[in-house]
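To keep things clear, I will list the structure first and then write my remarks on it.
No value in this document is a laboratory result; all are computed from the given coordinates. Since we're looking at a predicted model, the values are computed, not measured. Ideal geometry is used to build each Cβ from the backbone, glycine not excepted, and the neighbour counts take in all protein chains shown.
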Amino acid sequence: MRSCALLAASATAFACSLAPASIWNASMTADNEFDAYVGTVSTTVGSAVGTGSNWATAFNFSFTLNPGDYFYVASASDFGGAQGFLGEFTSGSQNLNTGHPAWEVFPVGKYLQQVDASWPSTWPALTMPTQTQVNQALAFAASNTSVWVPVSTFAGWDNKVVGNITTWGHNPGITPTAQWIWHNTGSGNPFNPGANHDEFLIFRITPAPSAMLPLLGAMAVGRRRRGA
């Protein structure tokens, strides 16, 4: 068990150890490319669980999240064509598809010199960050939590089969209810070509705590009181 930081204060390590891990199935793409990781609030753990560099393809993979874990997606673009991230993420009856309000983004390109003074002042086009660079950015964000901001969407830029107005059209490998998301520096439509939206970007999400977690927390409190 890696992290229980998001559990309620009354839920002790005992409750955390009982809380089940969840297996998530992903079908996603990004323009231009992406690397996906599982991690704690401050770092990725293990190697990438998914990667892709063809926006027309739906990349499929599975990953496991323990309570308190985050799912991260690092992405960059060419600053020329359109850019965006679209994905379907399911675990049983739960879904955290892109467009879900729990998604956040850290526009690392806005803080490059603060993360590492040796980095360039502008992130190079068509350059994916390494996992080490992603971890440097996450460590910075853990101490500067305000860098995480809501993702941006735009009306009509979704994955519907009919009425889709995006550059990419409908991707049949991803649910039609998913929306394209990105960061927006204020240019109107964040998916329009030719902008550098403070890239590279790191997106993150964590599942809502299981309905069992309050019960587990109460069990832990009761256990502690009996042992007092």
Subject >> the range 67-72 - phi-based ³J(HN,Hα) in whole Hz, Karplus 6.51/-1.76/1.60, Gly and Pro as x >> reply: x, x, 6, 10, 9, 10
**OP:** Can you pull the one-decimal nm distance between simple spin-label points at SER22 and PHE61, each 7 Å off the Cα toward Cβ?
**Re:** 2.0 nm
Original post:
According to the square roots a ≥ b ≥ c of the eigenvalues of the Cα gyration tensor, what is the shape class of the range 13-215, taking rounded for a/c under 1.5, prolate for a/b larger than b/c otherwise, and oblate for the remainder?
Top reply: oblate
Original post:
Which whole-Hz ³J(HN,Hα) couplings does the range 176-192 yield from phi under the Karplus relation 6.51 cos²θ - 1.76 cosθ + 1.60, θ = phi - 60°, glycine and proline marked x?
Top reply: x, 7, 6, 10, 5, 10, 6, 9, 10, 8, x, 8, x, 7, x, 9, 4
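For the range 13-215, what is the relative contact order in percent, using Cα pairs closer than 8 Å and at least 6 residues apart in sequence?
Details: 451 pairs, mean separation 55.9, N = 203.
Computed value for the range 13-215: 28 percent relative contact order.
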Original post:
In whole Hz, what ³J(HN,Hα) sequence does the range 34-41 give by Karplus (6.51, -1.76, 1.60; θ = phi - 60°), x for Gly and Pro?
Top reply: 8, 10, 10, 9, 10, x, 8, 5
Subject >> Listed residues TRP119, VAL149, ASN171: farthest to the positive end of the dipole of the range 13-215 (Cβ charges) >> reply: VAL149
